[in-house]
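The values are calculated or read from the model by the stated rules, or taken from the named source; none is laboratory data. These figures come from a predicted structure and were not determined experimentally. Virtual Cβ from ideal backbone geometry, glycine too; neighbours counted across all protein chains shown. Note: accessible area is taken over every heavy atom of the protein model, side chains too, but ligands, DNA and RNA are not part of it. Shrake-Rupley method; radii C 1.70, N 1.55, O 1.52, S 1.80 Å.
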Amino acid sequence: MVKLGRFAPSIVLAILVCTIAAAVEHFVPPDAGLQINRASAGLRGAAIRTGPPAYPRVALDSDDLTVRVARPARRIVSQYWSIDEYVYSVAPPDRVVAVSESAYLPNISNVYREVQKFRPVIATDPERVLRLNPDLLLVSSTSRADFCALVRSTGAPIYRVFTTFTTLAQVAETIRLTGYLTGEDEAAGKKVNRFWSEIERAKARRKPGAKPPRVLGFSGHASYGTETLFDDLVRTLGAINVGAEGGLKGYGAINSEQIVRWNPEWIVAGSDRGKTGQVLASLMADPAIAITPAARAGHVLVFEFNVFLPTSPFTTMLVNAIAEAIYG
């Protein structure tokens, strides 16, 4: 007779693993996790790929996974701060049942009034979110893969939205995408039209033939180079992004020597709510900034973070604010 004493823990562990595996095989739908089917040939080949307007609707997310939406969304979950602003821009606020933590921060949120009124859940705990019985979840392309896999295993439609926006056109297309996924196509179309109208009005402030102003976006000890939304915004207004001109790619650190060498005519920065004066004073006290044409001419602009930071339909606030300041 073989004694099992010293082997018992291993045997128990093996039995437990097999039991869990059997349960997963039994309860998880075939399309769970990364086994979701790829897109069909009818989808568009652009970065944002959606199917026909009839239901069930189908779209390819940032992971190239097919997401199917059975009906217009009535219980929407957003798990990222910029996605909050897309959703509230097209869908009735009472249909948003969960949002990111940032939505509740008046310092940066442009949907703070809506979340204070309807009090959606904060979408960090997947179990709590799933208890809301959502019919659409929108998460960032940078979101946790385990959260997405767990939601997919329940059969709930979850779409990973590309959120590293580098152009205004991407913002407009994501508004349309949000409308398609939520079933609010008409509202999204109107929002896109308003988005471009505001940008065109801002561009029209520049006088024909005017010399392009040189603008430096400044955040902490970093700036914005090529392949950033700030770069596209500045170029759209007919100005020069000093960070990109200086060879910066993406969002990266800069030093005092670079600021002096780049010699910007305008500096644009952000601040906490109610602290624009303090941030302006701090910038003007920086020796490297103080000797720039921007500082000498009083062309250092500080906007509160809810204006300075959005990569959403609310980006037009920064477009308008910069255009008004530099073109008058």
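Proximity of backbone amide H atoms, modeled 1.01 Å from N, is registered between F303 and A269, G270, S271 at under 5 Å, excluding neighbours fewer than 5 places apart on the same chain. Averaging the sequence gap over all C-alpha pairs within less than 8 Å and six or more residues apart, then dividing by the number of residues, gives the range 218-276 a relative contact order of 41 percent. A simple rule links phi to the HN-Hα coupling: the Karplus curve 6.51 cos²θ - 1.76 cosθ + 1.60 with θ = phi - 60°, which for the range 78-88 gives 10, 10, 9, 4, 6, 5, 3, 6, 5, 4, 5 Hz, with x for Gly and Pro. In a shell of Cβ-Cβ distance under 12 Å around Y80, excluding Y80 itself, what net charge do Lys and Arg (+1) and Asp and Glu (-1) give? Counting the neighbours of Y80, the net charge comes to -1.
Its relative contact order, with pairs defined as Cα atoms under 8 Å and 6+ residues apart, puts the range 93-157 at 29 percent. Couplings 3J(HN,Hα) for the range 135-148, derived from phi with the Karplus relation 6.51 cos²θ - 1.76 cosθ + 1.60 (θ = phi - 60°), are 9, 7, 10, 10, 10, 6, 5, 9, 6, 5, 5, 5, 4, 5 Hz, where x marks Gly and Pro.
With N counted as the residues of the range 52-111, its alpha-carbon radius of gyration over 2.2 N^0.38 Å works out to 1.26.
Amide H contacts of V96 (H built 1.01 Å from N, in plane; Pro and chain starts excluded): I76 sit under 5 Å, all sequence-distant by 5 or more or on other chains. For A222, the residues whose amide H sits under 5 Å from its own are I254, ignoring neighbours fewer than 5 places away on the same chain, with H placed 1.01 Å from N.
Applying the criteria of a DSSP loop state and at most 15 other Cβ atoms within 10 Å to the GluC sites (Glu not before Pro) of the range 226-328 yields E227. Per atom type, the range 191-303 shows carbon and sulfur on 53% of its accessible surface, probed at 1.4 Å. Our coupling estimate for the range 91-100, obtained by passing each phi through the Karplus curve with A = 6.51, B = -1.76, C = 1.60 and θ = phi - 60°, is 9, x, x, 6, 8, 8, 9, 8, 9, 6 Hz, Gly and Pro reported as x. The structure-derived value of volume of the Cα convex hull per residue in Å³ appears in the list (i) 198; (ii) 179; (iii) 148 under the label (i). Using Cα pairs under 8 angstrom and six or more residues apart, how large is the relative contact order of the range 189-328, in percent? Across the range 189-328, relative contact order equals 27 percent. Computed with a 1.4 Å probe over protein heavy atoms only, the accessible area of K190 comes to about 110 Å².
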